[in-house]
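Each remark here refers to the structure printed beneath this line.
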Amino acid sequence: MIGWMRHTPRRTVISVCVIAAVLLFVGASAHVTDLLSHGLRPYDWAPGRLNLHWSSPALFDALAAAFLIRGKRLGIDLACAVLATDLAANWYAVHGIQHSNLTAQPGLQRLAVFAALTLGTAPFIRRHLTN
């Protein structure tokens, strides 16, 4: 498997990085908007630790996007970490706190698709990025 990962076309790597960076900037701007509108506790129904976690992507999404645009491995690594933890936190909030499910939560659906695409493509593009 590793051998064919080296041969990922450069335009594919660039396309994935640009798409991920744009979506990360969209996410960062949404989190910044929440911070500006509601402060560090944008969701009254959620515990403080979840509110703090949901405020952190305002910084980390933007950093990951900036590193991806610069072609740095740290960008994809940070994007994977942010998306994995954000997906876990949102899944917990939907199932554990709101007692809802994936089909009733379009935001969680979009996040799950973006996380799956990013986590799934990361091994293919990571080796093409610089330290």
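The values are calculated or read from the model by the stated rules, or taken from the named source; none is laboratory data. A quick note: this is a predicted structure, and the numbers were derived from the prediction, not measured. Using ideal geometry, Cβ is built from the backbone for each residue, glycine included, and neighbour counts are taken over all protein chains shown. Please note that ligands, DNA and RNA were not included when accessible areas were found on the heavy atoms of the full protein model with its side chains. Shrake-Rupley method; radii C 1.70, N 1.55, O 1.52, S 1.80 Å.
At-a-glance table
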{"read-out": "Only listed residue being under 30 Å from residue 7 (Cα atoms) and open to solvent by less than 60 Å² (accessible area, probe 1.4 Å), chosen from 96, 71", "value": "71"}
{"read-out": "Criterion: farther than 25 Å from residue 130 by Cβ and modelled with pLDDT of 90 or more - qualifying residue of 94, 32", "value": "32"}
{"read-out": "Residue 52 being without any contact (Cβ under 8 Å) to a residue 12 or more places away in the chain, more than 11 Å from the chain's Cα centre (by Cα), surrounded by fewer than 16 Cβ atoms within 10 Å (Cβ to Cβ) and not in a loop (DSSP other than H, G, I, E, B)", "value": "no"}
{"read-out": "Only listed residue being under 27 Å from residue 123 (Cβ atoms) and under 20 Å from the mean Cα position of the chain (by Cα), chosen from 82, 94", "value": "82"}
{"read-out": "Enumeration of residues in the range 89-131 that are of a type in the set (Val, Ile, Thr) and in a helix (DSSP H, G or I)", "value": "94, 97, 103, 113, 118, 121, 125"}
{"read-out": "Enumeration of residues in the range 105-125 that are small (Gly, Ala, Ser), open to solvent by 60 Å² or more (accessible area, probe 1.4 Å) and at pLDDT below 90", "value": "none"}
